[in-house]
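For reference, the structure discussed in these notes is given below.
The values are calculated or read from the model by the stated rules, or taken from the named source; none is laboratory data. None of the values given here were measured: they were computed from a predicted structure. Glycine gets a Cβ as well: all are built from the backbone with ideal geometry, and neighbour counts include every protein chain shown. Just so you know, the surface numbers come from the protein's heavy atoms only, side chains and all, with ligands and any DNA or RNA stripped out. Shrake-Rupley method; radii C 1.70, N 1.55, O 1.52, S 1.80 Å.
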Amino acid sequence: MMHPLHTDLPRPAVFNNPFCYAPDPLCLLAAEEVKTYLRSQPDWQAEIEAGKMFGVLVCEDAQGQLGFLAAYSGQIGGREDWPWFVPAVFDYLQPDGYFKREEAEISAINHRITVLENAPDYIATKATLAQLQAEAARDIDSYKSFMREARARRHQLSSPSAAPNTTLGGFTAENPSLIKESQFQKAELHRLKKRWQARLASAEQSLKDTDSEILRLKQERKHRSDALQRWLFNHFQMLNAQGERRTLTDIFRQTPQQLPPSGSGECCAPKLLQYAFLHNLHPLCMAEFWQGRSPKMEIRHHGHYYPACRGKCKPILEWQLKTLQTLPQTLPVRESLEVLECPNSQPFLVINKPAGLLSVPGKSDAPSVESILREKYGEVYMVHRLDMDTSGLMIVALTSEAYHHLQRQFLARTIYKRYIALLDGTMNITTGTISLPLRPDIMDRPRQLVDYEHGKPAVTEYEVLAVENGRTRVALTPHTGRTHQLRMHCAHPDGLGIPIVGDNLYGTSADRLYLHAETLSFDHPITNERLTFCQPPAF
């Protein structure tokens, strides 16, 4: 299963971090062999063109021989056991296996529910019941309206000087006929409701048996589906470098979601490491790449390399790699934090953040703009943020008054921001506007998705500044401030369709993300003077 890799390229000393990496030359070489093999499989071409993630793991065997393993995510042609690729961690797709038998039973329940819900008599009876319910509501509302008109007439006929008797609907004992009329109408409304309840109950009774059976089947379906998922996750026994095993259920128990997402353990990275540890192979480096069309919501470019997903794979890989030394997840900060000079700067600072520095403290003890400035200035107020990988201008307030003033400007969208980006390709259109609604990918944070139904509006203007050496320099002016807005709008096929150089989430890795907040314009929080700051990028 391990394919030989004949090369004089050096072997990495430390395994790459699967969540932040530039593909090692050995992985690039192995990936080319995978692509060559895929081209020799004509029956797979339609499925691959629709989009599929592949992965390679470069290893050494016990004798120090170099080779690589290959994997695909999920299935191809409904199978997880094609030769040449590593097998599934747990092959639950055997035709006569427990999973397939139970899946067939659940499918049969689904079919039975569909038959019951679409039976002509059942549909006709439901329509009749809905019609009766509408007639009942109209009839009762009509009588209530008649009662209100009668009540208003009785109030006019009753003596205005008489003291109201609240127990008799506000009418005096000197108007017994009006009291009798009110009592009759209330009783008649009660009788009307009773008559309709009887008619509706008769119609509902004819549906009761079918509704009860549908409810019973749905409850059985849920019980069997949940039990099958538990059975499946308990049969995924994940190995680590020490030969220890843990089920997916155990691995995910300590995570916020507690339960494994559907498809956990079926991505490339866990499958590759599982096979390597099972066969005493020593992993050297890993990479995953996309083949085929990009999905409509997320960004996957043909031939590009991507980090492992966090929702399904992060807990698994942390277990599998827990004793294997890996490279850090973040690139080093190459520049220092710079505070710019600004007039009347007592209430705020404008700083030039280097790429690789957090804006605010994260889960680790890594330094951030906020922590660095607190050491020098004491209390600071973070008005806005830049992504860790983005460099450029930021405003930091030194007083709460300035903070609230600047926040109002951000909310009113009167603060002007312009970014410079270097795109990993060329384009012909020179100016335009991108409008793609965005939302978080809850299974792979911090990645974002384009979602026209649930996403929040995101609008960016762009202008091409230069095209040279196969890359495009653009100016980007965001009109909204969504997470990864500029990165998504550049990389998505419905945007510019060209990722920013160094975008390891939506494009390819480099020494840094080539995105820089160049210009910042806002009103001074005390004088209201319009201030503009400009800091050209270092690239």
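Values for this structure:
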{"item": "Matching residues, region 66-84, being over 23 Å from the mean Cα position of the chain (by Cα) and within 23 Å of N17 (Cα to Cα)", "result": "L66, G67, F68, L69, A70, A71"}
{"item": "Pairs, first polar (S, T, N, Q) in region 53-77, second assigned to a loop (DSSP other than H, G, I, E, B) and buried (at least 20 other Cβ atoms within 10 Å of the Cβ), C-beta under 7 Å, six or more apart", "result": "S73/E266; S73/C267"}
{"item": "Residues located in region 24-52, provided they are touching a Cys at 6+ places or on another chain (Cβ under 8 Å) and open to solvent by 20 Å² or more (accessible area, probe 1.4 Å)", "result": "D24"}
{"item": "Any strands (runs of 3 or more DSSP E) falling wholly within region 451-539 and containing at least 2 residues that are more than 20 Å from R413 (Cβ to Cβ)", "result": "459-468, 471-478, 515-523"}
{"item": "Odd one out for L69, checked against (1) modelled with pLDDT of 95 or more; (2) surrounded by fewer than 16 Cβ atoms within 10 Å (Cβ to Cβ)", "result": "(2)"}
{"item": "Tabulated pairs, region 404-428, first at negative phi, second surrounded by 15 or more Cβ atoms within 10 Å (Cβ to Cβ) and of a type in the set (D, E), C-beta under 6 angstrom, 6+ apart or interchain", "result": "R418/E518; I420/E518"}
{"item": "Residue ID - most open to solvent (accessible area, probe 1.4 Å), chosen from residues in region 434-449 that are within 21 Å of G263 (Cβ to Cβ) and of a type outside the set (K, R)", "result": "I442"}
{"item": "Failed item in (1) within 30 Å of Q65 (Cα to Cα); (2) of a type outside the set (F, W, Y); (3) open to solvent by 50 Å² or more (accessible area, probe 1.4 Å); (4) part of a helix (DSSP H, G or I), with N234 passing the rest", "result": "(1)"}
{"item": "Residue match in region 277-298 (condition: open to solvent by less than 10 Å² (accessible area, probe 1.4 Å), over 25 Å from D451 (Cβ atoms) and not in a strand (DSSP E or B))", "result": "no"}
{"item": "Filter result (farther than 19 Å from Q346 by Cβ, surrounded by 15 or more Cβ atoms within 10 Å (Cβ to Cβ) and of a type in the set (D, E, K, R)) within region 511-539", "result": "R512, E518"}
{"item": "Long-range neighbours under 7 Å by Cβ, at least six apart or interchain, first residue farther than 30 Å from C267 by Cα within region 443-472, second surrounded by 11 or more Cβ atoms within 10 Å (Cβ to Cβ) and of a type in the set (K, R)", "result": "A458/R482; L465/R473; A466/R473"}
{"item": "R445 being under 24 Å from the mean Cα position of the chain (by Cα) and assigned to a loop (DSSP other than H, G, I, E, B)", "result": "yes"}
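Conditions tested, residue by residue: (1) at pLDDT 95 or above; (2) open to solvent by less than 80 Å² (accessible area, probe 1.4 Å).
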| position | (1), (2) |
| --- | --- |
| R79 | no, no |
| F85 | yes, yes |
| L93 | no, yes |
| I109 | yes, yes |
| A130 | no, yes |
| S158 | no, yes |
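To keep it simple, each residue is scored yes or no on (1) open to solvent by 60 Å² or more (accessible area, probe 1.4 Å); (2) at pLDDT 95 or above; (3) more than 30 Å from I316 (Cβ to Cβ).
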{"residue": "S202", "(1), (2), (3)": "yes, no, yes"}
{"residue": "Q205", "(1), (2), (3)": "yes, no, yes"}
{"residue": "K218", "(1), (2), (3)": "yes, yes, yes"}
{"residue": "H223", "(1), (2), (3)": "yes, yes, no"}
{"residue": "R230", "(1), (2), (3)": "yes, no, no"}
{"residue": "M238", "(1), (2), (3)": "no, yes, no"}
